[in-house]
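K.L.:
My questions will all concern the structure given below.
The values are calculated or read from the model by the stated rules, or taken from the named source; none is laboratory data. These numbers come from a predicted model, not from an experiment. Heads up, the Cβs are rebuilt from the backbone with ideal geometry, glycines too, and the neighbour counts pull from every protein chain shown.
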Amino acid sequence: MSKPVALITGANGEIGRALIKRLAEEGRYDVVTLDLVPLAEPLRPFVLASYAGNIMDKYLLDEIVAHHDAIVVFHLAALLSSRGERDPELAHQVNVEGTLHVLRMAQNQSVRLGQPVRFLFPSTIAVYGLPSLAEKAKVGKIREEQWNLPITMYGCNKLYCEHLGRYFAHHYRRQQSGGRVDFRAIRFPGLISADTMPTGGTSDYGPEMLHAAAQKKPYSCFVGPDARIPFMAMPDAISAILALIEANPEKLRATVYNIGGFSISANEIAERARRAFPGADISYNPDAVRASIVDSWPEDVDDFRARRDFGWRHEYDADRAFDEYLLPRITGQKSG
Ligand code: AKB
């Protein structure tokens, strides 16, 4: 019997690669992918079909769902925060207009199939905008409704698209013939993978520092040693996506959820890298813009709603993330 089909946009990105592998291990879905460039060769055996093209191309989106009865969409394609600050209009086009196209496609698909289409949207801690370090320290673990005042185009785009998704899920369908987009969003902290490197983000200093130390390359960090935000190990990020997308809709009391990993400063990451790779050459040369972005993000998140509604629990605290996932795998790759 054929399996349900899941469409992943932005499939070549860090989350996309890890998600494709986990979905292949679990075998729940036949996976169809879309990315601007052809899907990375090693991932192709894991997917049913892959398309190279732009989410701005409505005809391509329609063609994909005409050929595949996707009932789940993981819409991962986006320009991240640092890249978005270099070209805010492009970020708006891709992150907002692109998301609108993918939501519309999901809505039409739902009408065609006569069943809801589940839609996973990766949002971010960049939707928060703390006005000062004093307020950041005072707030500590931030709740979803606090300080929704992003200072980056990416944060504005993601916050708006959370609303757009909620609109499609709860209001748009009133005027439409049937279909329903079952929209669910996760606000991710900075992510660290042992296998891949992020591009275009502002939390990138975490993974960059660690991978540079493993490769014995000097690293000049673009935020100061005290900069602190929450991070998460990639396996937990994928577990959260799957837990939320599989969750019983009747249990979900919100459309947007914080999920927590571990709160850590740049210096604490550097210390862990130095212990694992003695002689690691890590210095600090803060970039005013990127450092101010990180300062505006919370130092930790309150993920009470995710725990209550879909049983979220991270597996990796800082010790387990570094000692049992990141360091052994990165060291293995270096020697292997
Ligand atoms: C970024 O740095 O832009 C992303 C994020 C925190 O959403 N990693």
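K.L.:
When segment 263-294 is examined, which residues are found to be in a helix (DSSP H, G or I), in contact (Cβ under 8 Å) with a residue 24 or more places away in the chain and either acidic (Asp, Glu) or within 16 Å of the ligand (Cβ to nearest atom) (or both)?
P.N.:
If the condition is that a residue be in a helix (DSSP H, G or I), in contact (Cβ under 8 Å) with a residue 24 or more places away in the chain and either acidic (Asp, Glu) or within 16 Å of the ligand (Cβ to nearest atom) (or both), then Ala266, Glu268, Ile269, Val289, Arg290, Ala291, Ser292, Ile293, Val294 are the ones that fit.
K.L.:
How do the strands (runs of 3 or more DSSP E) wholly within segment 1-82 filter down when requiring 3 or more residues that are among the aliphatic types (A, V, I, L, M) and touching a strand residue (DSSP E or B) at 6+ places or on another chain (Cβ under 7 Å): which remain?
P.N.:
5-9, 30-35, 70-75
K.L.:
Still on this model: Taking Leu191 as the residue in question, decide whether it is in contact (Cβ under 8 Å) with a residue 60 or more places away in the chain and under 22 Å from Phe310 (Cα atoms).
P.N.:
When the stated conditions are applied, Leu191 passes them.
Yes/no matrix, rows are residues, columns are (1) within 30 Å of Val117 (Cα to Cα); (2) assigned to a loop (DSSP other than H, G, I, E, B); (3) within 19 Å of the chain's Cα centre (by Cα); (4) modelled with pLDDT of 95 or more:
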| position | (1), (2), (3), (4) |
| --- | --- |
| Lys138 | no, no, no, yes |
| Glu144 | yes, yes, yes, yes |
| Gly155 | yes, no, yes, yes |
| Lys158 | yes, no, yes, yes |
| Cys161 | yes, no, yes, yes |
| Ala169 | yes, no, no, no |
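K.L.:
Let me ask something else. Quick one: would you say Tyr325 is in contact with a strand residue (DSSP E or B) (Cβ under 6 Å, 6 or more places away or on another chain), more than 20 Å from Thr196 (Cα to Cα) and surrounded by fewer than 21 Cβ atoms within 10 Å (Cβ to Cβ)?
P.N.:
no
K.L.:
Then there's this: Say whether the condition of being within 16 Å of the ligand (Cβ to nearest atom), under 15 Å from Val5 (Cα atoms) and at pLDDT 95 or above is met by at least one residue in segment 56-65.
P.N.:
Checked against the condition, which is being within 16 Å of the ligand (Cβ to nearest atom), under 15 Å from Val5 (Cα atoms) and at pLDDT 95 or above, segment 56-65 yields no hits at all.
K.L.:
When you go through Gly260, Gly206, Gly201 one by one, which is the residue that is in a helix (DSSP H, G or I), in contact (Cβ under 8 Å) with a residue 12 or more places away in the chain and on the phi < 0 side of the Ramachandran plot?
P.N.:
Result: Gly206 is the single residue among Gly260, Gly206, Gly201 that is in a helix (DSSP H, G or I), in contact (Cβ under 8 Å) with a residue 12 or more places away in the chain and on the phi < 0 side of the Ramachandran plot.
K.L.:
Another question about this same structure. Sort out which residues of segment 215-237 are within 17 Å of Phe322 (Cα to Cα) and surrounded by fewer than 19 Cβ atoms within 10 Å (Cβ to Cβ), and write them in order of number.
P.N.:
The answer is Gln215, Pro235.
K.L.:
Oh, and also: Restricting to segment 295-322, name every residue that is buried (at least 23 other Cβ atoms within 10 Å of the Cβ) and in a helix (DSSP H, G or I).
P.N.:
Matches in segment 295-322: Ser296, Ala306, Ala321, Phe322.
K.L.:
Follow-up. Quick check on segment 70-99: of everything there that is loosely packed, with under 15 Cβ neighbours inside 10 Å and more than 24 Å from Tyr205 (Cα to Cα), which residue is nearest to the ligand (Cβ to nearest atom)?
P.N.:
My answer is Glu89.
K.L.:
Just to be sure I understand, how many residues within segment 116-130 are out of contact with any helix residue (DSSP H, G or I) (no Cβ under 6 Å at 6 or more places or on another chain) and either without any contact (Cβ under 8 Å) to a residue 60 or more places away in the chain or not in a loop (DSSP other than H, G, I, E, B) (or both)?
P.N.:
Here the count works out to 2.
K.L.:
Also, I was wondering about something else. Which of (1) part of a loop (DSSP other than H, G, I, E, B); (2) within 18 Å of Cys156 (Cβ to Cβ) does Ala91 not meet, given it meets every other one?
P.N.:
(1)
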